Amino acid sequence: MSLLAYAPPRSGDFTVALLVRLRHAAIGLLVPLTLVLVWALASARGWLPEQVLPAPSYVWQNLRDMAASGELAQHAGISAIRVAVGFAVGAGLGLLLGIAIGLSRPVEDYVRPLFTAVAQVPTIGWIPLLMLFLGIGETLKIVVIAKAAFFPMVVNTAAGIQNIPLSYREVAAVLRLTRWQSLRRLVLPGALPSIFTGVRYSLTKAWTALVAVELLASAEGLGYLLVWSRQMFWLDTMLAAMLVIGLVGYVMDAMLAAAEARLQAWRIDA
Amino acid sequence: MANGELGLQGIAKTFRVDGRLLPALDGIDLQVTPGEFITIVGASGCGKSTLLRIIAGLETDHAGAAVHDGKTIRGPSLARGLVFQEPRLFPWLTVEANVALGLENAGLSRDAKRAAVSEHIALVGLTGFENAYPRQLSGGMAQRAAIARGLVNRPGVLLLDEPFGALDAFTRTHLQEELQGIVAREGITAVLVTHDVDEAVYLGDRVVVMAPRPGRITRIVAVDEPRPRSRTAAALLHKREAVLAALDSGGRGRPEPRRLDAPDEPLRQPAAAIALQGAA
């Protein structure tokens, strides 16, 4: 029985924590920086023709030009809106279906077999069929992205709810918690780690689906930029687009991780 | 204060294991008067926890009748608090919020709830830890919080399933004393299941001794020692020997290997008759 757990962090601890974080960031940057170095070396030594592998400086220059002209912001903005809307719809519906499956045995029995079979078909496999129904407008893109975000959300939400220990459910029974009370106090908080795994998978899938659908049917967006620059053989533009896609995805994942840490303060050891 | 009268008549329970029927409890009869502290002691597998779960309403598929204040038990009720062997606090809620779970359906005002929660946190000696998460508590502190959660709704009956089994000896002794005081002060009925004979004798007004295969009551030992009790009182030591003898005669699985000469004879009367005799 110690009060140590409540000691507020002292300034010394803060400095230590900062150093630990910096060290962590440095380690994470090590591999990407090495790759850039190898890339720079390869183009400087002329290991590959310049048309195949442009120098990092070209790509950087191109990135700056596209940023300055507003072209990059326009493509990235279009893509971001598509992902945001598609992800919100897909993950939102996925959360609801996941909760329904997690809470209700009959719902699971009715839905699970079809769901599992449909989930086996890759997102890109759906695009031709969906094109027939929806054409190649915005609706197609949103639906494809939503579909990609939907499945991981359902699976992880349902699993999170079903994995809540019986011992906790007995507590809820003994305390006579209503369905709503136990959803709020037990089911959702208990399933939250798994739900967050679902959200992060969903976002990654949504982002990948965006690129796939823009490759096939779009005249703007980062995916389009990728295809168009490849067809034009502007490899510096293509590499710049790839960098931006990777970077945006990374930032979104980091934001989710931060939100997760905030919502689950109880898991952090004091 | 709610009443806390319990009646068990002919309770029998069978589990199905690998297609075979396994009798867990058979012919359990027990009357518990309001305010009484009953301890149930027996070796592992004698069905004592199952019996407690039946009283709690977590097991409803059984033969015989379990009655609380004249009403047949058909499921959990807020009139019966249950403390499990593990604290089972929700790890994402603070101590305060965990205790408050017991009042979700109490129909109290916000202020009344807050007052009841802080009163019961004080009762188990956790004042100052209201905003701590279960991870930050020791095993003993977590179990205190669980006891507060079981008591906060002021149930007429408090059921405890080996609540101190996982704690170190020092903490266990301390919490036994506090539990004794709390139950006396609140004037509630308590049923505590344990495999610790010393704990059973120290806490119980009556000690119910059970034997396994099938789980049944072999003997009820009345402990008419005034409270607060001293652990070393001669009367308690005497009763302890009686309980140990009953455990021995009940068959396998005596929990503790010590034994002196046991003066009391095993009773062969129906349990209800023993209950009426009271402090014999």
Answer with one residue from A:122, A:229, A:100: the one whose Cα lies farthest towards the positive end of the charge dipole of chain A, charges on Cβ with Lys, Arg +1 and Asp, Glu -1. A:100
Can you check what the net charge comes to around residue B:69, using other residues whose Cβ is under 11 Å from the Cβ of residue B:69 (Lys, Arg +1; Asp, Glu -1)? +1
Along the positive direction of the dipole of the protein assembly as shown (beta-carbon charges: Lys, Arg +1; Asp, Glu -1; about the Cα centre), which of A:133, A:56, A:265 reaches farthest? A:133
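Give me a single rounded figure for B:131-142: the average over its residues of other chain Cβ atoms within 10 Å of their Cβ.
Details: counts 1, 4, 7, 1, 6, 8, 2, 3, 0, 1, 2, 0.
Neighbouring Cβ atoms belonging to other protein chains average 3 per residue here.
What is the percent of Cα-Cα separations in chain B that go past 27 Å?
On the way: 15044 of 39060 pairs.
Roughly 39 percent, once rounded to a whole number.
Can you pull the semi-axes for region A:179-270, root of five times each eigenvalue of the Cα gyration tensor, sorted largest first, whole Å? Walk me through the intermediate numbers first.
Values: eigenvalues 296, 46, 9 Å².
Calculated on Cα positions only, the semi-axes equal 38, 15, 7 Å.
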Please compute the Kirkwood hydrodynamic radius of the protein assembly as shown from all pairs of different C-alpha atoms, in Å with one decimal. 28.4 Å
With +1 on the Cβ of every Lys and Arg and -1 on the Cβ of every Asp and Glu, and nothing else charged, how large is the dipole of the protein assembly as shown about its Cα centre, in debye rounded to the nearest 20? 380 debye
Counting helices only, and only those DSSP H runs with n ≥ 4, report the 222 nm mean residue ellipticity of chain B as the sum of -39,500 (n - 2.57) divided by its residues, in deg cm²/dmol to the nearest 500. -10000 deg cm²/dmol
Divide by every residue of chain A the summed helix terms, -39500 (n - 2.57) for each DSSP H run of at least 4, and state the resulting mean residue ellipticity at 222 nm, rounded to the nearest 500 deg cm²/dmol. -27500 deg cm²/dmol
Return the aspartates and glutamates within reach of residue A:141: Cα separation strictly under 18 angstrom, same-chain partners fewer than 8 residues apart disregarded; answer none if there are no such residues. A:214, A:220
Taking residue B:239 as the anchor, which aspartates and glutamates have their alpha carbon closer than 13 Å to its alpha carbon, excluding any fewer than eight residues away along the same chain? B:198, B:199, B:205, B:224, B:225, B:261, B:264, B:265
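Count the net charge of all other residues whose Cβ sits under 12 Å from the Cβ of residue A:119, scoring Lys and Arg as +1 and Asp and Glu as -1. Write down the numbers at each step before the final one.
Numbers: positive: A:112, A:147, A:205; negative: none.
Once all neighbours under 12 Å are counted, the net charge is +3.
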Output ordering of B:114-127, A:245-258 (per-residue mean of other Cβ within 10 Å, highest first) is B:114-127, A:245-258
Let me know the Rg and Dmax you get for region A:224-267 when you use only its Cα atoms, in Å. 16.4, 53
So which lysines can residue B:71 reach, going by Cα to Cα under 23 Å and dropping same-chain residues fewer than 8 places off? B:13, B:48
Once you order the gyration tensor axes a ≥ b ≥ c over the Cα atoms, which shape class does chain A get: rounded for a/c under 1.5, otherwise prolate or oblate by comparing a/b with b/c? oblate
What is the local net charge at residue B:32, summed over the other residues whose Cβ is closer than 13 Å to its Cβ (Lys, Arg +1; Asp, Glu -1)? -3
Compare the Cα positions of A:171, A:246, A:90 along the charge dipole of region A:55-263 (+1 at Cβ of Lys, Arg; -1 at Cβ of Asp, Glu; about the Cα centre) and return the one farthest towards the positive end. A:171
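Each value in this text was obtained by applying a stated rule to the coordinates, not by laboratory testing. A quick note: this is a predicted structure, and the numbers were derived from the prediction, not measured. Neighbour counts are summed over all protein chains in view; Cβ atoms, including those assigned to glycine, are modelled from backbone coordinates with ideal geometry.
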